[in-house]
Each structure stands twice: as C-alpha cells, then as structure tokens.
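Shown next, in structure tokens, is the structure this report addresses.
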Amino acid sequence: IGALALVGATYVFTDLFNSVLAIVCFALAIVFFLISWGAARTRNTKWGFVFSSLTVISVTAAYFAGLFPRIMVSSLNPDWSLTIANAGNSTYTLTLMTCVAFVFVPIILVYQSWVYWTFRHRVTEKDLHY
C-alpha cells in the first residue's frame, strides 16, 4: 500500500512519468516484484532474491531516467534544482576520492567475502541446541 501511495504521489506531484524510459523501468519493476513474490511463495529463495534485486535496480533506474539531468528537484523554483553539472566537484576532489576508493573498495570486498564465507550455511533447528 505504501509503495502504491508513493507511485501515486510521484505521478501527481512530479514530471517523472514524462520519460518513456522511466515508465518502462517502472513496468519492469512491477513484473519483477510479482515474480519475486511468486518465487518467495514457492520458497524458491534464489529466484526470489534475484528478482527482488532486479526490482530495486529497476525502480532506481526509473527514478534516474525520469529525473535526469536533475538530481534533486527544488519545490520552490525549478531553476534552483540540483543538476549533475552544478553538483560536480573539482578535479582535485574527484582525484582524491578515486585514490581513496582504490584503497578501501578492495578492503571492503575482502571483508564482505570473509563474512559470506563465515556465515555461508543456513541456520537449522539443530544449530539452536548446543
């Protein structure tokens, strides 16, 4: 109900649905959501996860396609909206952020791999009793 209210408010208060690509992405999100719901009902967790992930990706793509080149729309004056061009940083900042990303992304990936490896098994009733 909340998601439908959000889509309704988005339709009424924004111009997001003027983009054909946004409409297609929203339609795909609905289809992916229904497939993931059906997969979850049949306890097919792998496909449920895949299609729920595709739902999130589709909704994100729809909002990006509908708002482009805006990032944040101003409710006071459309000319004051934050766009990709006026939200960009200096070359120095982008270079520094790239160097930091090259250092920390591998560390995060190694940590996430270790966590996945550590918790890779399902918890069963047998695990609950010492």
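The values are calculated or read from the model by the stated rules, or taken from the named source; none is laboratory data. Bear in mind that the values here come from a model prediction, so they are computed numbers and not experimental data. All Cβ positions, even for glycine, are placed from backbone atoms using ideal geometry, and neighbour counts span all protein chains on display.
General observations
- Taken together, the residues in the range 70-98 that are surrounded by fewer than 11 Cβ atoms within 10 Å (Cβ to Cβ) and part of a loop (DSSP other than H, G, I, E, B) amount to 6.
- Among (1) in contact with a Ser or Thr (Cβ under 9 Å, 6 or more places away or on another chain); (2) modelled with pLDDT under 95, the one test that S53 misses: (2)
- Filter result for R43 (in contact (Cβ under 8 Å) with a residue 12 or more places away in the chain and among the basic types (K, R)): no
- Identity of the residue in the range 11-64, among the charged types (D, E, K, R) and in a helix (DSSP H, G or I), that ends up nearest to S81 (Cα to Cα): K46
- Hey, T98 hydroxyl-bearing (S, T, Y) and under 20 Å from the mean Cα position of the chain (by Cα) or not: no
- Every residue from the range 74-121 that is within 30 Å of F13 (Cα to Cα) and among the aromatic types (F, W, Y): W80
- Any hit, the range 92-104, residues being over 30 Å from R120 (Cα atoms) and touching a helix residue (DSSP H, G or I) at 6+ places or on another chain (Cβ under 9 Å): no
- Filtered residue count, the range 46-72, keeping only those that are touching a helix residue (DSSP H, G or I) at 6+ places or on another chain (Cβ under 7 Å) and either over 16 Å from A3 (Cβ atoms) or among the small types (G, A, S) (or both): 11
- Selection over the range 12-50 of residues that are surrounded by 13 or more Cβ atoms within 10 Å (Cβ to Cβ) and either within 15 Å of G66 (Cα to Cα) or touching a Ser or Thr at 6+ places or on another chain (Cβ under 6 Å) (or both) gives a count of 17.
- Test: residue in the range 78-86 that is farther than 30 Å from C25 by Cβ and of a type outside the set (S, T, N, Q): no
- Output for the range 87-103, where each listed residue is within 30 Å of A29 (Cβ to Cβ) and at pLDDT below 90: A87, G88
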